[in-house]
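Colleague: I'd like to ask you about the structure that follows.
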Amino acid sequence: MKAPGTHFFCLTASVAARRIRASLMIKKSAQKIVVANWKMHGNLKQNQALLETYIRTLNNLPNTQVVVCAPYPYLAQLQSLLADTDIAWGAQNIARMERGAYTGEVSAEMLRDFGSTYVIIGHSERSTAYCESDENIAQKFMVAKKYGLTPILCVGETLIEREAGMQENVVTKQLDTIIRMYGAQVFAEAVISYEPIWAIGTGLAATPAQATEMHKFIHDKIAALDEAAADRLKILYGGSVNPQNAVQLMVVKNCDGGLIGRCSLNAQEFEQICAAAEQASQFER
Ligand code: PEP
């Protein structure tokens with residue numbers, strides 16, 4: 001696994017590399033991130049088989065950081081099987097509080113205890129079912145950062161909002177809550193996953209044109225407030241990514257990879273998606 005502390009160094013080095021390539025007028029390649037969101041699936045035996053295949057096929061990809069986000073009880077299993085690999089791991093949610101009498105919650109510090117370096121924040125399957133407010137999501141984002149976890153913030157619109165042409169307004173509201181509470185600079189070294197809710201688990205992915213528009217919108221919104229933060233922010237696409245559409249979605253400008261639900265449970269499909277990320281990393285970001 002890449003140590004979190006090396007992340008900044010890698011980014012600094014990649015910024016330098018980008019400048020050199022730009023000066024040589026050579027097409028730059030860009031590091032991708034592919035996140036497996038296992039949701040509430042798996043058991044010790046199935047996870048072990050899946051992780052062993054991940055390790056065999058996905059360890060040490062040159063241009064792709066693979067991340068596995070599993071249910072809490074399996075973090076110890078991820079830690080023991082992935083510790084000596086380049087594959088990172090984390091959870092699908094955290095408490096917004098640091099510690100205390102919050103029955104059933106799991107803190108950022110606890111995730112760190114099990115070697116997690118990433119955490120998904122504000123996934124629509126949580127924010128809808130558990131009525132999470134944008135303010136709660138913002139607090140989770142910050143507590144993750146405070147404990148050295150990379151937050152993967154999910155943003156995106158429902159089908160009704162898309163049909164009403166409201167997608168930018170919806171994402172603006174989601175991002176503005178964090179910006180208002182903590183400032184745009186907190187997006188440096190963070191990950192935003194653009195996940196149109198109508199595309200999650202439906203088999204109906206966004207078109208590359210729709211993804212291009214929204215990734216540009218998110219990038220430009222942060223860049224207008226803090227260009228350095230926007231440069232160090234990764235923006236993923238999530239929503240019915242599969243081996244057939246992965247390359248075309250990941251070559252989208254300002255797309256740094258994908259958040260993968262269903263296909264991450266199938267080792268072969270997930271491997272093909274990571275191969276697509278490797279391929280996409282050769283294109284201009
Ligand atoms: C997700 O879990 O956020 C997701 C995008 O799921 P799927 O790939 O199954 O649409």
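Colleague: Just to check your reading of the model, which residue among Lys39, Lys45 is at positive phi and modelled with pLDDT of 95 or more?
Modeller: Within the list Lys39, Lys45, the selection yields Lys39.
Let's see how each residue does on (1) hydroxyl-bearing (Ser, Thr, Tyr); (2) away from the ligand (no atom under 15 Å from the Cβ); (3) in contact with a helix residue (DSSP H, G or I) (Cβ under 8 Å, 6 or more places away or on another chain); (4) at pLDDT 95 or above:
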position: Val191; (1), (2), (3), (4): no, no, no, yes
position: Ile200; (1), (2), (3), (4): no, no, yes, yes
position: Leu204; (1), (2), (3), (4): no, no, yes, yes
position: Ala223; (1), (2), (3), (4): no, yes, yes, yes
position: Ala229; (1), (2), (3), (4): no, yes, yes, yes
position: Tyr237; (1), (2), (3), (4): yes, no, yes, yes
position: Arg262; (1), (2), (3), (4): no, no, no, yes
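Colleague: Ala199 passes all but one of (1) among the hydrophobic types (A, V, I, L, M, F, W, C); (2) over 29 Å from Thr64 (Cα atoms); (3) out of contact with any Asp or Glu (no Cβ under 9 Å at 6 or more places or on another chain); which number fails?
Modeller: With respect to (1) among the hydrophobic types (A, V, I, L, M, F, W, C); (2) over 29 Å from Thr64 (Cα atoms); (3) out of contact with any Asp or Glu (no Cβ under 9 Å at 6 or more places or on another chain), Ala199 is out only on (2).
Yes or no, residue by residue, for (1) within 10 Å of the ligand (Cβ to nearest atom); (2) of a type in the set (S, T, N, Q); (3) crowded, with 18+ Cβ neighbours inside 10 Å:
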site	(1), (2), (3)
Ile218	no, no, yes
Ser240	yes, yes, yes
Pro243	no, no, no
Asp256	no, no, yes
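Colleague: Within the set of pairs 6 or more residues apart or between chains, which connect a residue that is closer than 20 Å to Glu227 by Cβ inside region 168-187 to a residue that is aliphatic (A, V, I, L, M) and in a helix (DSSP H, G or I) with Cβ atoms less than 6 Å apart?
Modeller: Listed pairs, sorted by first residue: Ile178/Ala138; Tyr182/Met142; Ala184/Ile222; Ala184/Leu225; Ala184/Ala229; Gln185/Ala229; Phe187/Ile222; Phe187/Ala229.
The values are calculated or read from the model by the stated rules, or taken from the named source; none is laboratory data. All values reported here derive from a predicted model rather than from experimental measurement. Positions of Cβ are generated from backbone atoms using ideal geometry, with glycine treated the same way; all protein chains shown enter the neighbour counts.
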